[in-house]
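As structure tokens, the structure follows; a few thoughts come after it.
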Amino acid sequence: MRAVFSVALLSFKEGLRQRVLYGVVLAALLMMSGAVLVSGFFLRDISKVILDFSLATVTLGGLTIPLFLAIHMLARDIERRTVFSLLSRPISRGQYLFGKFNGLLLLTGLVMLFLSIGVYLSLECGEFLFGERFFVTVSWNSIFAALFLSFLSVMILNALAVFWSTLTTSSFLATLLTVFSYVIGHFVDDVVRFLQVNTTGVEISSSIKQVVEIAKYSFPNLAAFDVKSVAAHGMVIPLADVVFLTFYAGIYCSLLLTLATIFFRRRDLA
Amino acid sequence: MKRSFTLLVFFSVLFALMGVMTDKVHNLRTKYLAASISQIGRIPSSVLVATSLEYKGVVADMMFLNASNFIGRNLMERRSPQPEEWQTFYLMLDRMSALDGRFLDTYVFAEMMLAWQARMYDEANSLLAKARRYRPDDWRMPYYIGFNHFYFQKQYALGADYVMQAANISGSPSYLPNLAARLAFYGSRSKTALLFIKELIAQNKQIELNPELEKRLAAFEAAASIEDAAVGFINRFDRRPVNISELVKTGFLSAVPLDPYGGEWRLYIDGHVDSTSNFVEREK
Amino acid sequence: MIQAEHLSKKYTGHLGRKPTLALSDVSLHVKEKEIFGIVGPNGAGKSTLLKILLGLVKASSGIASLNGVSVSEIRSRQQLGYLPENPCLYDSLSVVDHLNFIARLYQLPKDLLSKRMDDVLTRVGLDDVAHRSLRTYSKGMVQRAALACALFTEPDLLILDEPMSGLDPLGRKMVLDIIREYNSRGNTVLFCSHVLNDVERICDRIAIMNKGKLVVTVTPQQLQQEEGDSPLESLFMRTVLEEGSA
């Protein structure tokens, strides 16, 4: 546990020193203020538009951690052999991975928390500019739930980044695979639904159905964590759903990290 | 020192050139944009929904901006969109409703633009029917449908029925039941339209988006005052007024109001009022 | 202190590359309080041997242990300081950040921490730049920072991979002095180097490796008797050339 904590803190510190992070946060805050201004072009659903943009920005900001920083901090850690300075200490491979994952999680949490303040500010700003009557549907409970679920989906992507980094030998490939997993994770649920309904009446070959079925079980259902629209309209997100998804995310991450450890233990760090 | 001066001069010249070019580039693009509309609506809903990942709401918002740009440019250039452009516009609204079913602006646009401007009543109604599924708590959706049936499609009973349904949703304005009754018995088209436009404008932030609507509002205001006078006349004398001047003579109407579209008022035997202008701008 | 029996390492070839035998049947015994040097040409398997001892690379066959604990156990690295060939530190962090990490990992008490940090940083001559990120360091400074990290927990065993590379003569002398002083307090050092001169000067025993094999193990005294002037160099040349032609 101590080893995990030490590694987590070290990578958290390392991540904080990456200037990219500050660029991302700045860009995100700019985007949110842009959203407030743009929302003025809409007719009725102003709070919805502001929330659409600002919640998406929080997610995008969080995503920079698994999609860019994680690769820098993991795949390159292995590529450049900085990992030696950790693994030549009494730290197991599993502890190393779990520590890195937690460091990334801390970073993600910090970035998303910071940007969540931006959500609050842009709503206040919009209310000041356009008047209260366009903001009656705003529900803070739903916004919190949406932000938390978005954090969980980024957490899963962090685990995926760890997983791909241990499996591949190049940081470029790891980035590519993580981005790929992200897209599939959001795509697959819609595709499954499409196949179930099959409105077009086109016959779909069974091999495609099988591929989709495999993807459905091997990639996380990230779309389920996206309740941003629901929150933007101020509708209720049941607590039970949030709890269930929390468990799902926890189990999926544990699964990935276990698998990553199995692969990483067998790997020679020459 | 001399070097940096040269660089500064060089920079200034380039900067000035940039300044001159910026507007030219902007205009260059205008040529292609000229009231065109994004073809994104041609993408099948299922593909669009899946590829929007977790940014469905944002994509819908962006599409709305494009659609509203299209309307705005047409207004500015005083041209009316071609039928196929309206079709693209409709497809776009349809995809928006697929991406974010609760997005109210889509349906407000469907009513304001598709029904009022493009006269695509069936398309507007099908979008609004979708809206009723996603916004069951919103009285405006059946109200809009009802209005379309009554005012544009002249299906009075059906229109009244939808307005009654709207009246049953909590939060609907108190004049709705009364209005539904009026629709059924008097056919007060102008009064209905007036209330409708007022509601549309009151709910929306951007009345300046459509100055056309404001003019129409003034026209309906005038027509509704004649209708109101006629209803008052019937209640007092238990017979229908012969013409508008009779309403003025008996004091129900202080003066014959002006039609902003420049037509002559006509009072029908059933009490409804219209104008020879049909509230349409005359072609010059 | 270090026991290695019949270690072999074969890197499996991926994507059509030929498998390579990096280490074949190497046995090594390093006694306690000894300075043991390994020399050999590039690609002789020195680094692979060290990495097996550190658990970074798994041997294809054979067993190795540090202080009686198998290298496959994390515990074997509890009393170990390692200086990699190319210093592997995080260049966005400072040397103090690294030392703090190690202190947290080994649960060093606070009062001991600050005293030791001062000590070790003074010893490697980085005390006045300790809070700067390593990105601003020269190559030699990074090497010294890595050495500070290796020494920080005052381990029983120090494994150094090319500790003198990238250092100016002054820096080299500093490292040699540190190794000597560290050894004089009863600790064991295993290192490999290209600089035969340095190895000769401080090692108690020297092994020459070539082509994945440990060819010969000698003491400086033996060398002196058998080879005369610059003895290690002539032995080295002879062994490597013989093996090479064989």
request  = Using only Cα atoms, tell me the angle between helix C:169-184 and the longest principal axis of chain C; keep it within 0 to 90° and round to the nearest 10.
outcome  = 90
ask   = Where only protein heavy atoms count, and the probe is 1.4 Å, what is the accessible area per residue for the protein assembly as shown in Å²?
value = 47
remark   = So the angle from the long Cα axis of helix B:83-99 to the longest Cα principal axis of chain B, reported in degrees to the nearest 10, equals 80
query = Which whole-Hz couplings ³J(HN,Hα) result when phi for each residue of segment B:160-175 is put into the Karplus expression 6.51 cos²θ - 1.76 cosθ + 1.60, θ = phi - 60°, listed in order with x for Gly and Pro?
reply = 4, 4, 5, 5, 4, 4, 5, 5, 7, 7, 5, x, 6, x, 6, 7
query = Hey, what did chain A get for relative contact order, percent, Cα under 8 Å, at least 6 apart?
reply = 28
request  = Mind grabbing the interface size between A and B? I mean buried accessible area, both sides, 1.4 Å probe, in Å² to the nearest hundred.
outcome  = 2700
request  = Determine, for each peptide in B:235-241, A:16-22, the mean count of other beta carbons within 10 angstrom over its residues, then list the peptides with the highest first.
outcome  = A:16-22, B:235-241
task = Before rounding to the nearest 500, sum -39500 (n - 2.57) across all DSSP H runs of length at least 4 in chain C and divide by the residue total; then give [θ] at 222 nm in deg cm²/dmol.
result = -12000 deg cm²/dmol
query = Given H placed 1.01 Å from N in the peptide plane, which residues other than close sequence neighbours of residue A:139 have an amide H under 5 Å from its amide H?
reply = A:234
Sequence-distant residues sharing a close amide H with residue C:28 (under 5 Å, placed H) = C:4, C:5, C:6
note = Carbon/sulfur accessible area of segment A:170-270, % of total, 1.4 Å probe, equals 70
query = Per-residue HN-Hα couplings for segment C:19-31, Karplus 6.51 cos²θ - 1.76 cosθ + 1.60 at θ = phi - 60°, whole Hz, x for Gly and Pro?
reply = x, 10, 9, 8, 9, 10, 6, 9, 10, 8, 10, 10, 7
request  = Using only alpha carbon pairs under 8 Å that are at least six residues apart, calculate the relative contact order of segment C:89-154 and give it in whole percent.
outcome  = 52
task = Just order A:103-115, B:136-148, A:238-250, C:115-127 by mean Cβ neighbour count inside 10 Å, highest at the front, would you?
result = B:136-148, A:103-115, C:115-127, A:238-250
remark   = Here the whole-number average of other chain Cβ atoms within 10 Å per Cβ of A:224-237 is 3
request  = Determine by what factor the alpha-carbon radius of gyration of segment C:89-154 differs from 2.2 N^0.38 Å, reporting the quotient.
outcome  = 1.00
request  = Over 22 Å, how big is the tail of the calculated P(r) for segment C:33-159, in percent of all Cα pairs?
outcome  = 42
inquiry  = I need the phi-derived Karplus couplings for segment C:80-91: 6.51 cos²θ - 1.76 cosθ + 1.60, θ = phi - 60°, integer Hz, Gly and Pro marked x.
reply    = 9, x, 10, 10, x, 4, 9, x, 9, 10, 7, 6
request  = On the protein heavy atoms, probe 1.4 angstrom, tell me the percent of accessible surface of segment A:77-134 carried by carbon and sulfur.
outcome  = 65
note = Output field shielding_mean for B:60-68 (other chain Cβ, 10 Å radius) holds 4
Angstrom value of the Kirkwood radius, inverse mean 1/r, which spans all Cα pairs in the protein assembly as shown = 32.8
query = Averaged across the residues of A:86-96, what count of C-beta atoms belonging to other chains lies within 10 Å of each residue's C-beta?
reply = 6
ask   = Calculated from DSSP H runs of 4 or more alone, at -39500 (n - 2.57) each and per residue, what is the 222 nm mean residue ellipticity of chain B, nearest 500?
value = -20000 deg cm²/dmol
message = If amide hydrogens are placed 1.01 Å from N in the peptide plane, which non-local residues have theirs closer than 5 Å to the one on residue C:215?
response = C:208, C:209, C:210
Ordering of C:1-11, B:8-18, B:163-173 by burial proxy (mean other Cβ atoms within 10 Å per residue, highest first) = C:1-11, B:163-173, B:8-18
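Using DSSP H assignments, which helices in chain A have an axial alpha-carbon span of 24 Å or above and a mean Kyte-Doolittle hydropathy of -1.0 or higher? Walk me through the intermediate numbers first.
Working: long enough: A:19-38 (28 Å, 2.09); A:46-64 (27 Å, 1.33); A:93-130 (54 Å, 1.14); A:140-167 (40 Å, 1.71); A:171-197 (39 Å, 1.30); A:239-265 (39 Å, 1.68).
Taking the DSSP H segments of chain A (at least 24 Å long, mean hydropathy at least -1.0), we get A:19-38, A:46-64, A:93-130, A:140-167, A:171-197, A:239-265.
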inquiry  = What translational diffusion coefficient, to the nearest whole µm²/s, does chain A have by Stokes-Einstein, given a Kirkwood radius computed over alpha-carbon pairs, a temperature of 37 °C and 0.692 mPa s viscosity?
reply    = 165
key: Threshold 30 Å² - residues in segment B:88-105 whose accessible area is reduced by that much or more when the chain is no longer isolated, probe 1.4 Å   = B:100, B:102, B:103, B:104, B:105
message = Considering the Cα positions of chain B, please state its Rg to one decimal place and its Dmax as a whole number of Å.
response = 24.6, 98
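For segment B:1-102, give the percent of accessible area contributed by carbon and sulfur heavy atoms, probe 1.4 Å, rounded to a whole number.
Solvent-exposed carbon and sulfur of segment B:1-102 make up 68 percent of the total.
What relative contact order, as a whole-number percentage, does chain C give when Cα pairs under 8 Å and 6 or more residues apart are counted? Numbers along the way, then the final one.
Working: 435 pairs, mean separation 65.6, N = 246.
Over chain C, the number comes to 27 percent.
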ask   = Relative to the isolated chain, which residues of segment C:25-65 have their accessible area cut by 30 Å² or more in the presence of all protein chains (1.4 Å probe, heavy atoms, no ligands or nucleic acids)?
value = C:51, C:56, C:58
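The values are calculated or read from the model by the stated rules, or taken from the named source; none is laboratory data. Being a predicted model, the structure only gives us computed values, none of them experimental. A quick note on method: Cβ atoms are made from the backbone with ideal geometry, for glycine too, and the neighbour counts reach across all protein chains shown. What goes into the accessible areas is simple: the full protein's heavy atoms, side chains included, and nothing from ligands, DNA or RNA. Shrake-Rupley method; radii C 1.70, N 1.55, O 1.52, S 1.80 Å.
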